[in-house]
Amino acid sequence: MAESSMSDLWWKNGLVYAVDVKTFLDGDGDGIGDFKGLAAGVDYLAALGVTCLWLLPPFPSPWRDDGYDSSDYLSVDPRVGDLGDFVAFTRAARQNGIRIVLDIALNHTSDEHPWFVDARSSRDSKYRDYYVWSDEPPADPPEPVLPGEQSGTYTYDEGSGQYYLHRYHDFMPDLNTNNPAVRAEMYKVLGFWLAVGVNGFRVDSVPFLVEEIAEEGGGEDSSHDYLRDLRSFIARRSSDAILVGEANLPLDLLGSYFGEEGAEEMRVMFDFAGCGGMWASLALGEAAPIARQLRKRPTPPPVCSYLSFLRHHDELNLDLHYTDEERDAVFEVFAPREDQRVYGRGISRRMTPMLEDDEARVRLAFSLMFSLPGTPTVFYGDEFGIGDHPELPGRLNNRPLMQWNGLDNGGFTNGEPDELIRPALPDGHYGYRERNIASQLSDPDSRLNWFRRLAANRRECAEIGTGRQRILDSGDPGILALRYDQFHSLVVLHNLAAEERTAHLGDELEVGCDEIFADRRYEAVDTAKGEVPIGPSGFRWLRLHRSGTSTPGVD
């Protein structure tokens, strides 16, 4: 695929930044982040190198599940602003070259949504079939998504005398996505948000939309058709809009969610396997886990991509993509205490505490993630080392208030501390007095300013997002060596070990190379020998000189 044909595939080369409007910046002093505050922070995001905002659900909600329990898909919660504020924010983002992907749960609503309120009022309600009801729970019901926080996935409704399905909490009833009326409602919802400035949607829990439901007397109804219809709809409304799928699945099932030419589904999928491979490699000091995941991962179609990430708003899920040895090592190294683990499967900590604020290890992890084939994704605050809250339950401890400066409330709000939507991080837990944006901006050697340089470097390496990669034999089990060839050629080396190692690359560098990014200053590479020393937890990005012929592209 030629370079010119990739220029409009904006999701393949950039930086995605996940943000919750409630916790980012308070623009009106009531202690809750809002769209006025988010619009005011756009300049910071643009300077960071952000090209796309992944916006966690801003819809009206009881906030019993931090906004994923939506009670209205066609507005924003009045506590974070109104639609006028939202449009002003999208305009500010667009002026700074930032696109917006809106997080939306198409598979469930709040039990306070008017559809469900009406549906449970009578079995004859026009909205009854918007949800999944049964006289008795099935013999083999779906497993709870949040074990320990929910006792089952069917709850009896006293008013209408039936059970309703909820894969999450009982206050989040599942929608019946096989109902054409529900699908029509969702087309309307997506069309509305595209019209007011959104560039795509993160589809929450996408496998729940595509479960095959046996029809009496006639095979199975594959709801992958629904994903194809969603993709077709948004393409008609906005040619460059995308669907981003959240699906933590075995790799042999993952590829089908991209669809195929003429029947596209997700443009982008979260790379849970790559995430698992990175943490296992970091825990063991070996390249094998991440290399294995990269080899096994389905190759996406040319116009599709993965989102690479280390942490996001949920727990680090260790259910899949780990051997027993790797899972045990990740738990032991990064969450040694039981209170740092959730749901019997995951870790609820932020990236910096997991890595014990070891600057070399943090920079290694970021550099590794930015070098993987896909688009790097960062959870708000990780760029300067925000922590997790020791007093907040479940996933909320992973979603603290943004820390802008060392003043009261960390500059998040000029309101009173007792008005905050959630308490600020306490001192000793990466709180705002010890860790904030203002203090790091003034320090050229800070993590934040280093992160800006990393993001700028990655933006100049378009072949990572759009080209093809090869895993090279580094000659050392602690070193991951990746080579990309398209437009230019790039070799990226990461030393996962705690001591200096040397990569032995043979003739891979014989055309010559320039070092464009590294953890420290190194002597020039001896390309004749093909030996590249790398310091403990170090990394080196090498741009190969052009040879006499052009670099081959991907057809």
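Quick note: the coordinates plus some simple rules give every number you see, no bench work behind them. Since we're looking at a predicted model, the values are computed, not measured. Glycine also receives a Cβ, built like all others from the backbone with ideal geometry; neighbour counts cover every protein chain displayed.
What is the percent of Cα-Cα separations in the stretch 110-190 that go past 18 Å?
In whole percent, the long-distance tail amounts to 40.
When ranked by the protection proxy of mean other Cβ atoms within 10 Å per residue, highest first, what sequence do the peptides 31-42, 345-356 form?
Going by the mean number of other Cβ atoms within 10 Å, highest first, we get 31-42, 345-356.
Quick one: putting +1 on the C-beta of Lys and Arg, -1 on the C-beta of Asp and Glu, what dipole do you get for the chain around its Cα centre, in Debye to the nearest 20?
So the magnitude is around 1840 debye.
For the chain, what relative contact order do you get, as a whole percent, if you take Cα pairs closer than 8 Å and at least 6 residues apart?
Reported as a whole number, the value is 13 percent.
Taking a cut-off of 16 Å, what percent of all Cα-Cα pairs in the stretch 22-68 are separated by more than that?
For the stretch 22-68, the share of Cα pairs beyond 16 Å comes to 46 percent.
So what is Rg over Rh here for the stretch 175-318, counting just Cα atoms and using Kirkwood for Rh?
1.01
May I ask you to evaluate 6.51 cos²θ - 1.76 cosθ + 1.60, the Karplus curve with θ = phi - 60°, for each residue of the stretch 157-173 and list the ³J(HN,Hα) values in order in whole Hz, giving x for glycine and proline?
Couplings: 9, 4, x, 10, x, 9, 9, 10, 7, 8, 6, 9, 5, 5, 8, 10, x Hz.
Quickly rank 473-483, 148-158 as a protection proxy: mean count of other C-beta atoms within 10 Å, highest first.
Result, highest mean first: 473-483, 148-158.
Can you list the HN-Hα couplings for the stretch 35-46, worked out from phi with the Karplus curve (6.51, -1.76, 1.60; θ = phi - 60°), rounded to whole Hz and with x for Gly and Pro?
With the stated coefficients, the stretch 35-46 comes to 5, 5, x, 5, 4, 5, x, 4, 4, 4, 5, 5 Hz.
Answer with one residue from SER121, VAL80, SER70: the one whose Cα lies farthest towards the positive end of the charge dipole of the stretch 68-122, charges on Cβ with Lys, Arg +1 and Asp, Glu -1.
Going by the Cα projections, it comes out as VAL80.
Looking at the square roots a ≥ b ≥ c of the eigenvalues of the Cα gyration tensor of the stretch 302-459, which shape do they give, rounded for a/c under 1.5, prolate if a/b is larger than b/c, or oblate?
Taking the square roots of the gyration eigenvalues as a ≥ b ≥ c, the stretch 302-459 is oblate.
Find the relative contact order for the stretch 1-108 and round it to a whole percent, using C-alpha pairs within less than 8 Å whose residues are 6+ positions apart.
26 percent.
Among SER239, HIS321, LEU253, which residue has its Cα furthest toward the positive end of the charge dipole of the chain, with +1 on Lys/Arg Cβ and -1 on Asp/Glu Cβ?
Most positive-ward Cα: SER239.
Which order do peptides 272-282, 504-514, 452-462 fall in by mean Cβ count within 10 Å, highest first?
Descending mean neighbour count gives 272-282, 452-462, 504-514.
Note down the relative contact order for the stretch 186-334 as a percent, whole number, built from C-alpha pairs under 8 angstrom at least six residues apart.
So the answer I get is 20 percent.
So what's the projected area for the stretch 503-550, the Cα convex hull averaged over all directions, in nm²?
Over every viewing direction, the Cα hull of the stretch 503-550 projects on average to 3.5 nm².
If you bin the C-alpha pair distances of the stretch 47-186 every 10 Å from 0, what whole percents do you get?
11, 35, 30, 16, 7, 1
Taking the dipole about the Cα centre of the chain, with the C-beta of Lys and Arg at +1 and of Asp and Glu at -1, give me whichever of TRP193, THR375, ALA291 is farthest to the positive side.
Towards the positive end, the residue furthest out is THR375.
Counting Lys +1, Arg +1, Asp -1, Glu -1, what net charge surrounds ILE471 among other residues with beta carbon under 14 Å of its beta carbon?
My count for the surroundings of ILE471 gives +2.
Let me know the charge dipole size of the stretch 132-267 about its Cα centre in debye, to the nearest 20, where only the beta-carbon of Lys, Arg (+1) and Asp, Glu (-1) is charged.
Using only the charged Cβ atoms, the result is roughly 900 debye.
Stretch ARG91-ASP240 to full length: gain in nm at 0.36 nm per residue minus the Cα-Cα span?
Extra length from ARG91 to ASP240 when fully extended: 51.9 nm.
Along the stretch 103-118, what does the Karplus equation 6.51 cos²θ - 1.76 cosθ + 1.60 (θ = phi - 60°) give for ³J(HN,Hα), rounded to whole Hz, x for Gly and Pro?
Ordered by residue, 3J(HN,Hα) equals 6, 9, 9, 8, 9, 7, 10, 6, 6, 9, 5, x, 4, 6, 4, 6 Hz.
Run the dipole for the stretch 68-205 about the Cα centre, Lys and Arg Cβ at +1, Asp and Glu Cβ at -1, nothing else charged, and hand back the magnitude in debye, nearest 20.
Dipole size: approximately 880 debye.
Once percent of Cα pairs over 33 Å apart is worked out from the coordinates, which option in (i) 43; (ii) 56; (iii) 38 does it equal?
(i)
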